[in-house]
1. Anything in the stretch 19-33 that is of a type in the set (Gly, Ala, Ser) and surrounded by 15 or more Cβ atoms within 10 Å (Cβ to Cβ)? List them, or say none.
2. If you take the residues of the stretch 34-59 that are closer than 20 Å to Ile6 by Cβ, without any contact (Cβ under 8 Å) to a residue 24 or more places away in the chain and among the β-branched types (Val, Ile, Thr), which of them is surrounded by the most Cβ atoms within 10 Å (Cβ to Cβ)?
3. Which residues, taken from the stretch 41-75, are out of contact with any Lys or Arg (no Cβ under 9 Å at 6 or more places or on another chain), closer than 25 Å to Gly10 by Cβ and polar (S, T, N, Q)?
4. For Leu62, all conditions in the list (1) surrounded by 12 or more Cβ atoms within 10 Å (Cβ to Cβ); (2) free of Cβ contacts under 8 Å to residues at least 12 places away in the same chain hold save one; what is the number of the exception?
Amino acid sequence: MNDYAIIENGLVANVIVGPLPNGMDGVALNGRPVAIGDAYIDGVFLRNGEPVLTDAERIAQLETELSLLREQLEG
């Protein structure tokens with residue numbers, strides 16, 4: 001089962017939890033914590049101009065940042 005965003009004029013107008021009703025179009029969220037009012041531009045969900053990341057993507061991003069900080073500290 002997946003959740004879906006209903007897009008109107010490039011913004012998330014609603015979020016459907018579970019399968020879409022017959023005849024309704026939506027964009028699968030694929031684990032992204034998308035909310036009403038987020039933008040949807042060129043296939044990317046955005047909040048305040050930043051991509052809305054899945055938990056796994058956020059963890060990977062934090063691990064990369066942590067690695068870079070460690071490298072800076074080690075000189």
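1. From the stretch 19-33, those of a type in the set (Gly, Ala, Ser) are 23, 26, 28, 31; that's our starting set.
Answer for the stretch 19-33, where residues must be of a type in the set (Gly, Ala, Ser) and surrounded by 15 or more Cβ atoms within 10 Å (Cβ to Cβ): just Gly26.
2. Let us first name the residues in the stretch 34-59 that are closer than 20 Å to Ile6 by Cβ, namely 34-47, 51-52, 54.
The next check asks that each one be without any contact (Cβ under 8 Å) to a residue 24 or more places away in the chain; those that pass are 35, 42-44, 46-47, 51-52.
Keeping just the survivors that are among the β-branched types (Val, Ile, Thr) gives 44, 52.
On the way: Val44: 10, Val52: 21.
Ranking the qualifying residues of the stretch 34-59, first place goes to Val52.
3. Across the stretch 41-75, the qualifying residues are Asn48, Gln61.
4. Result: Leu62 fails condition (1) only.
Every number in this text was worked out from the coordinates using simple rules, so none of it is lab data. Here the structure is a predicted model, which means the values were calculated and not measured. Please note: Cβ atoms are built from the backbone with ideal geometry, for glycine as well, and neighbour counts cover all protein chains shown.
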